[in-house]
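First comes the structure, then the notes that go with it.
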Amino acid sequence: MLITEALEDYIHYIKVVDQKSMTTIASYENDLYIYIDYLQKKQIDQMENITYADIQDFLNEQALTKKISSINHMITVLHTFHQYISFTYEHIPDPSQFVRSSKGAKRLPHYFNVHDIEKLLDSFGNSDQDIFEHAMLEILYSCGLRVSELCSIRGNQIHLDQGFLRCIGKGNKERMIPVHPRAKKALEEYLHLVRNKWENKRSPYVFINKRGNVLSRQYVHTVIKRNLQRNHLDESLSAHSFRHSFASHLLDGGADLRVVQELLGHSDITTTQIYTHVQTKRLKQAYNSFHPHAKKEGGS
């Protein structure tokens, strides 16, 4: 069944049979037109071909620009639409039946500004512990790694001569990430000056603690919190903030969104698009703070 035919059938139902108010009908039509336009762009024109994943992808895309209340309204509309079609035409399944309303708003990533990340990374001394922590945080930021990826880096994944790190992410997917010369230098210092002293268990992992054990995610979080406190930086920042900062700073520098997607290891571009929303928010803040017209309007 053509999606356009299903929409026409459903709109007729809510107008004539269900007799919903004109306001409700208008809001349902608006959401359904957005939904169908999205499906058509994906070259889906038959009701039988719509999947749960298609609906979830659509909602994820809408969540980047819409409030949580608007998303939940869309979910209600999609439920009633698909339920009606599935009930009326028994051979057409209902792909929306497992879609659930969102419990909370999609939060924007919390990230370092360039000044604060430089202050943090420049704050380490020459002790073994400082050299170790400096290398760890330089790699975390320079490569945009997840904490679990940082902890699980093995020696055979590092190719410093070529300036690359072979990262194994979610689902055992591999990606090659360039290592910035600054991070490369910090890592080489750790490997040459510190790691050999701490190595007593022939561990295959790059980052180990003083006892020679592989790092835990909690250990990394503790190191970061301690250094944030030491430098009087925002303590609400976290290990994942390094990854968010990596993506945001690349986009600020003009990197293509698809390149950032590949470097982060996102399987879906919509996941990476949250960072363009961060940029838009930042641009608006800068405009409101510095543009003379914005200042004028604010004072009137």
- Task: For ILE139, indicate whether it is out of contact with any strand residue (DSSP E or B) (no Cβ under 7 Å at 6 or more places or on another chain), under 19 Å from TYR10 (Cβ atoms) and buried (at least 17 other Cβ atoms within 10 Å of the Cβ).
- Result: no
- Task: Output the helices (runs of 4 or more DSSP H) that fall wholly within region 78-162 and possess 2 or more residues being more than 27 Å from the chain's Cα centre (by Cα), or say none.
- Result: 128-143
- State whether one or more residues within region 38-61 are of a type outside the set (D, E, K, R) and touching a Lys or Arg at 6+ places or on another chain (Cβ under 8 Å). no
- Task: Take THR272 and decide whether it is surrounded by fewer than 18 Cβ atoms within 10 Å (Cβ to Cβ), at pLDDT 60 or above and assigned by TED's automatic domain parsing to the domain that holds HIS180.
- Result: no
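Report, by residue number, each residue of region 1-13 that is touching a residue at least 24 places away in the same chain (Cβ under 8 Å) and either in a helix (DSSP H, G or I) or over 15 Å from TYR84 (Cβ atoms) (or both). Reasoning before the result, please.
The initial filter retains those residues of region 1-13 that are touching a residue at least 24 places away in the same chain (Cβ under 8 Å), namely 1-4, 6-7, 9-10, 13.
Across region 1-13, the qualifying residues are LEU2, ILE3, THR4, ALA6, LEU7, ASP9, TYR10, TYR13.
Given the options HIS249, HIS232, HIS240, HIS244, name the one that is assigned to a loop (DSSP other than H, G, I, E, B) and farther than 28 Å from LYS197 by Cα.
Numbers: HIS249 fails: assigned to a loop (DSSP other than H, G, I, E, B); HIS240 fails: assigned to a loop (DSSP other than H, G, I, E, B); HIS244 fails: assigned to a loop (DSSP other than H, G, I, E, B).
Checking each option against the conditions leaves just HIS232.
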- Can you find a residue in region 164-180 that is buried (at least 16 other Cβ atoms within 10 Å of the Cβ), in a helix (DSSP H, G or I) and of a type outside the set (Gly, Ala, Ser)? no
- Message: Looking at region 39-63, I want the residues that are within 23 Å of THR276 (Cβ to Cβ) and have a partner that is of a type in the set (Ser, Thr, Tyr) with Cβ atoms under 6 Å, at least 6 apart or on another chain. Which pairs are those?
- Response: ILE55/SER96; PHE58/TYR38; ASN60/THR270; GLU61/THR270
- Of the residues that make up region 191-214, is at least one β-branched (Val, Ile, Thr), modelled with pLDDT under 95 and closer than 26 Å to LEU120 by Cβ? yes
- Message: I'm told LEU160 meets every condition in (1) surrounded by 12 or more Cβ atoms within 10 Å (Cβ to Cβ); (2) under 20 Å from LYS225 (Cβ atoms); (3) not acidic (Asp, Glu) except one. Can you identify the failing condition by its number?
- Response: (2)
- Going through region 31-48 one residue at a time, which ones are within 28 Å of the chain's Cα centre (by Cα) and in a helix (DSSP H, G or I)? ASP31, LEU32, TYR33, ILE34, TYR35, ILE36, ASP37, TYR38, LEU39, GLN40, LYS41
- Looking at (1) surrounded by fewer than 13 Cβ atoms within 10 Å (Cβ to Cβ); (2) outside the structural domain of LEU263 (by TED's automatic domain parsing); (3) of a type in the set (Gly, Ala, Ser); (4) outside any helix (DSSP H, G or I), find the lone condition where ALA53 falls short. (4)
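The values are calculated or read from the model by the stated rules, or taken from the named source; none is laboratory data. Everything numeric here is computed off the predicted structure, so don't read it as measured data. When we count neighbours, we look across all protein chains shown, and the Cβ atoms used for this are built from the backbone with ideal geometry, even at glycine.
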